[in-house]
Amino acid sequence: MNVKPSSNTIANGIVKAVAILAAIYLALLFLYKIRSVLAYLAIAAVVALLGRPIVIFLRQRLKFPNTIAVIATIVFFLGIFVGIIALFVPLINEQSRNLSLLDLEALKADVNTLYLQITDYFGTSAANVNEMIEESDIEKNILEGLNLGFIPDFLNSFMNVLSTLSIGLFSVLFISFFFLKDSKLMQNGLLTFVPDNKESNLTKSIDKINGLLSRYFGGILLQLFILFVIYTVTLLIVGIENAIVIAFLCALFNIIPYVGPIIGGVIMLTLTMTSNLGMDFKSVILPKAGYALIGLVIGQLVDNFFSQPFIFSNSVRSHPLEIFLIIIIAGLLFGIVGMIVAVPGYTAIKVILKEFLAENSFVRKFTKNL
């Protein structure tokens, strides 16, 4: 005999569902409002992962007390940050006109001049090219349709971040200090939300995630440093002004998987060619661009066949095809930020699945390399 639910039961169910949805909405809204704090926590966690090997070295090899080792590590990272700022900002401010990075109109004018030189080199004229474009029903010519706004927008945003970074920098360093001083701080906080019978699983998960991500972020730094050195040597050989700044900027774009190297390469070639405007295109501009292109190719070959296999295989222990698909999916769902955090997030999920669902046959096969 079927018993129909009473109106009170239905009403209570509706109220409960609405309350759950409202709680979820408020929780998401709260997280959105404190997104800056979450960003500070995430950056501090990365700093702590990178600094942990240094702290361990200072404690075990040099016999530093724990607090002194943590302070020395924080000072080391702060020195690197200040050194980059001291190198990067003044050169950008002083040479922005030469680089044409902060003036979009100047950059377009330089590209237009370069465009005319290229058409002349190949034995045609701008009028002929424009006529061909019009005949193919393209309403705007190439230069008018060329969207170069991302370059000054990126740099202006970067400079704005640097100018307002004091609070964020202090917050990150303060949080990083306690993450390094008490390596179990975050773990103890998470354990309060886990049942007692699952605490050991969570502890193992956190320890393994810390180890894998420490190697991953260390590998990323190694990757950027190798590219920076290759790009700097290339641009110095070519004779480009502000080679260090341009190399640093182009190497930094490699943080964005797959898309970043293309953007960095376009910027390097464009700046190499526009920095030599007024010289002969055939004997000066084209050869220098060719040398810069060779340096880009060498850098990407080293990155693709050495740096990335080292990072993905030895650090996060995932197949390159697996990583490729995860990065593409994360990029489609969450954009550039998704591509950047895809690998560490995916690695953390795999570790958690392995520890909490080890009895599942699919999970066991899926995480067998961890």
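Results, tabulated for the structure shown:
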| quantity | calculated |
| --- | --- |
| Any hit, region 245-268, residues being open to solvent by less than 20 Å² (accessible area, probe 1.4 Å), over 27 Å from residue 335 (Cα atoms) and free of Cβ contacts under 8 Å to residues at least 40 places away in the same chain | no |
| Those helices (runs of 4 or more DSSP H) lying entirely in region 171-268 with at least 3 residues closer than 16 Å to residue 293 by Cα | 199-238, 243-252 |
| Test for residue 224: is it open to solvent by 30 Å² or more (accessible area, probe 1.4 Å) and not aromatic (Phe, Trp, Tyr) | no |
| Tabulated pairs, region 73-100, first within 30 Å of residue 269 (Cβ to Cβ) and at pLDDT below 80, second of a type outside the set (A, V, I, L, M) and assigned to a helix (DSSP H, G or I), C-beta under 7 angstrom, 6+ apart or interchain | 88/248; 100/110; 100/274 |
| Residue check, residue 283 surrounded by 18 or more Cβ atoms within 10 Å (Cβ to Cβ), among the hydroxyl-bearing types (Ser, Thr, Tyr) and part of a helix (DSSP H, G or I) | no |
| Residue check, residue 333 farther than 19 Å from residue 213 by Cβ, without any contact (Cβ under 8 Å) to a residue 12 or more places away in the chain and surrounded by fewer than 16 Cβ atoms within 10 Å (Cβ to Cβ) | yes |
| Qualifying positions in region 38-65 - touching a residue at least 60 places away in the same chain (Cβ under 8 Å) and open to solvent by 50 Å² or more (accessible area, probe 1.4 Å) | 40, 41, 43, 52, 53 |
| Residue pairs meeting the criteria (Cβ under 6 Å; at least 6 apart or on separate chains; first on the phi < 0 side of the Ramachandran plot, in region 191-210; second open to solvent by less than 70 Å² (accessible area, probe 1.4 Å) and of a type outside the set (A, V, I, L, M, F, W, C)) | 191/199; 201/355; 204/355; 205/355; 206/187 |
| Qualifying residues in region 170-221 (those that are surrounded by fewer than 18 Cβ atoms within 10 Å (Cβ to Cβ) and of a type in the set (Val, Ile, Thr)) - the one farthest from residue 65 (Cα to Cα) | 194 |
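This table checks each residue for (1) under 21 Å from the mean Cα position of the chain (by Cα); (2) of a type outside the set (Lys, Arg); (3) closer than 15 Å to residue 179 by Cβ.
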| site | (1), (2), (3) |
| --- | --- |
| 40 | yes, yes, yes |
| 43 | yes, yes, yes |
| 49 | yes, yes, yes |
| 57 | no, yes, no |
| 62 | no, yes, no |
| 65 | no, yes, no |
| 69 | no, yes, yes |
| 75 | no, yes, no |
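The values are calculated or read from the model by the stated rules, or taken from the named source; none is laboratory data. Because the structure is predicted, anything quoted here is derived from the model rather than measured. With ideal geometry, Cβ positions are generated from the backbone for all residues, glycine too; neighbour counts draw on all protein chains shown. Quick note on the areas: whole protein, heavy atoms, side chains included, nothing else; ligands and nucleic acids left out. Shrake-Rupley method; radii C 1.70, N 1.55, O 1.52, S 1.80 Å.
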